[in-house]
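The values are calculated or read from the model by the stated rules, or taken from the named source; none is laboratory data. Since the structure is predicted, the reported quantities are computational estimates derived from the model, not experimental observations. Here the Cβ positions follow ideal geometry from the backbone for every residue, glycine too, while neighbour counts run over all protein chains shown. Heads up: the accessible areas ignore ligands, DNA and RNA and are worked out on the full protein's heavy atoms, side chains in. Shrake-Rupley method; radii C 1.70, N 1.55, O 1.52, S 1.80 Å.
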Amino acid sequence: MLFKLSLKNIKKSFKDYTIYFITLALGVAIFYIFNSLDSQRAMIEVSKSTEKLIELMINMLAWVSVFVSFILGFLIVYANNFLIKRRKKEFGIYMTLGMGRRKISKILIIETLMIGVMSLGVGLIMGIFGSQFMSILVGKLFAADMSKFEFVFSSAACIKTCVYFGIMYLLVMLFNTFTISRYKLIDLLTAVKKTEKIKLKNTVISVILFIISIVMLGYAYYNVSARIHNLNQEKILIMIGIGTFATFLFFFSLSGFILKLVQSCKKIYFKELNMFVLRQTNAKINTTVVSMSIICLLLFLTICILSSALAVNLVIQTGIRELAPVDIGISKTLDLSGNDAYGNPYSEKRIEDSKISIIDTLKKVDFDFNDLVDLVDITIYATNELTVEDTFGDQLENVKSQFQMLKLDTAEDIIKVSDYNKVARLYGIQEYSLQDDEYIILCDYKNMKIVRDMALKENTNIKLLGKTYHPKYNECQDGFIYMSANHINTGIILVPDSCNLTEDVRAVNYIAANYHATTKEERKAIEEKFLSDDFLNKLKELDSDLSAESKISIFEASTGLSAMVTFIGIYLGMIFLISSAAILALKELSESSDNKERYNILRRIGADEKMINKALFRQIGIFFITPLLLAIIHSIFGIYFATNILDSLFSGSDLTTSIIMTATFIIFIYGGYFVATYFGSKNIIKECNH
């Protein structure tokens, strides 16, 4: 009996459940997709280092999933509360006919269970097919061998999804039982005639609070943009707190004067049904200050997280192509003496090995030099006669006051211009020339470049081995020696070949080369020789100080980082976006249900359907656009802040492409919810016309 009644209720009220159902199905699909990466990893061929990175990413996603489950749980409870509110009169009629609260609770439990099972089933189907596309994305990001690609179903992800959502639905059932037990019959029967209490705010106080919110937002915006270099972790948290409170204050004060403001413009206020639309909108904002603030902040997080996450992947991929131009780079510290950085004395073997070149060390371990082509061998010098401090000249005190964490006593890396040009020629980057009394500073790390340019603009001279040199350029030039995934060169001093750099100031021997290979497989085979136990054990016996960076290892490590950031960013961004859009949609549908009689009155006084639908569209549009507009303004400064952070980690970051991709996500999902809400509300307000 109760089962049949529940089934009929679902069929009858399917349009009420549509957005709820879609939201649940999307949540299930996204949850499954991001928790099925473990099974997708099993069917793609990756290297050992990449496999560890994927494993780390999967573990992080597992923890993120716990957080996501709380968000989705809140969303399900909120949505279910809307459905109960929508059907108060129906439940009141049940009670009038003699049905007890326990049986009504059972009906709700059965309905929730049926909707849950259906959404879980549809969501899993969507997730299973969607995860196949995720497999392809994972394979491309990690440059995996996709020859074994096949359709994969993750039983572990399926079980995890069912367990998590099962717990959520169980909590919803308990919530429904508790909610029904609190309602009185008179409240249920008269619920359709009741609306939320609207507390009118003093216009003057509202204007003052609005101005205060704008000032607070302006202060926070100014600090995260113009004064970004003065921010530390504590100040950043303070700015976040100010911005959050100012957002709440903005929506709290908005409804207190916006209606008065529009009323002063008679042509707009009395046009068509604008009077009705504005009063309805004003009332909604007045009663949903907290939810509007939360939605705005969720949208802000969505825009910033998606833009930054997608940008990291694009920047890293671009950086690898530019900053890892050859197959391998090997470095070795020369002429060791004393202790290491931890105060431990160097072994006699290491000290002895430090007196010979990289090539001589490799010969000792029977390295096959036929595996390398285009080999370049250079020496990097360093002396305490030229430290970072010595390059700032008259700007030293200014630099100390502005950049207190800067290590000024570090010896500069010095390279003869002809040696650098050998590397530059191999890398395919700019070469330089110098007169006998000139020097150039190469630096591509943005924050350090700003500091060094302060001194170069003052034409600061340096002294090296008894001779004075002046800068050829009044700013740092682009260039690097060591390969990396991002711009990490904090400074290299190029000096003329005539500079008397002797063996006693040698610091590092560096060689760069390509593998003697034409295919990806051949390159990997040569790389494996470097990683073989036999080769590594021979180097260990020499206690050699060799360190190497290869294009393959840089690519694997960097793509692992970018994939982690990208996946977690998309995961959270999509959940935040769906949550904010669903909360708005359900709130609007609930309001439309409450306002059916008001729309019926509009029909009675002569408003036609076209005019009513237009008014409804405007009303829902304002409600959707208002938090989005403020979120976009927040995001302009948030993205500027993120760009500076990314620049300090990955110089040359550009968020344009990622912002366009984020905008596409928002238009598709947020816009989709807006359209669904409009048509759903349109159907609701038509009910009273039949």
Review point. In nanometres, what is the gap between the two model label sites at Asn370 and Ser418, each 7 Å from Cα along Cα-to-Cβ?
Key: 3.2
**Study point:** Cβ-Cβ FRET estimate between Arg350 and Asp504, R0 fixed at 22 Å, reported to 0.05
**Key:** 0.70
Point to revise | Value of Rg to Rh for segment 343-498 (Rh from inverse mean 1/r over Cα pairs, i.e. Kirkwood) | key: 1.01
**Study point:** Dipole of segment 462-601, positive direction: furthest Cα of Val565, Leu536, Ile526, with charges on the beta-carbon
**Key:** Val565
Practice item. List the equivalent ellipsoid semi-axes of segment 445-510 in whole Å, largest first, each obtained as the square root of 5λ for an eigenvalue λ of the Cα gyration tensor. Key: 22, 19, 9
Practice item. For Met57, Met448, give the ranking by accessible area with the largest first, probe 1.4 Å. Key: Met448, Met57
Exercise for review: With 20 Å as the limit, write out which pairs from Lys416/Lys472; Lys332/Lys551; Lys422/Lys524; Lys355/Lys538 have Cα-Cα distances beyond it, or answer none.
Suggested key: Lys422/Lys524
Point to revise | Simple Cβ-charge dipole of segment 573-623, Lys/Arg +1 and Asp/Glu -1, about Cα centre, in debye nearest 20 | key: 160
Check your understanding: If packing is taken as the mean number of other Cβ atoms within 10 Å per residue, what is the order of 116-129, 563-576, highest first?
Key -> 563-576, 116-129
Check your understanding: Which whole-percent values make up P(r) of segment 458-573 when all C-alpha to C-alpha distances are grouped in 10 Å steps starting at zero?
Key -> 9, 25, 28, 22, 14, 2
Exercise for review: For an R0 of 30 angstrom, estimate the FRET efficiency from the Cβ-Cβ distance between Thr244 and Ala156 and round to the nearest 0.05.
Suggested key: 0.20
**Study point:** Within segment 500-600, trypsin sites (Lys or Arg not before Pro) in DSSP loop having at most 15 other beta-carbon neighbours inside 10 Å
**Key:** none
Review point. Rounded to the nearest 0.05, what FRET efficiency do Leu408 and Asp335 have when you use their Cβ-Cβ distance and R0 = 25 Å?
Key: 0.55
**Study point:** segment 429-529: relative contact order in percent, alpha carbon pairs under 8 Å with at least 6 residues between
**Key:** 34
Point to revise | Stokes-Einstein D in µm²/s, Kirkwood radius over Cα pairs - segment 556-595 at 10 °C with 1.306 mPa s viscosity | key: 130
Practice item. Mind giving me the nanometre distance, one decimal, between the label points for Glu522 and Lys363, set 7 Å out from Cα along Cα→Cβ? Key: 2.7
Check your understanding: On alpha-carbon atoms, Rg over Rh for segment 605-644 using Kirkwood Rh?
Key -> 1.39
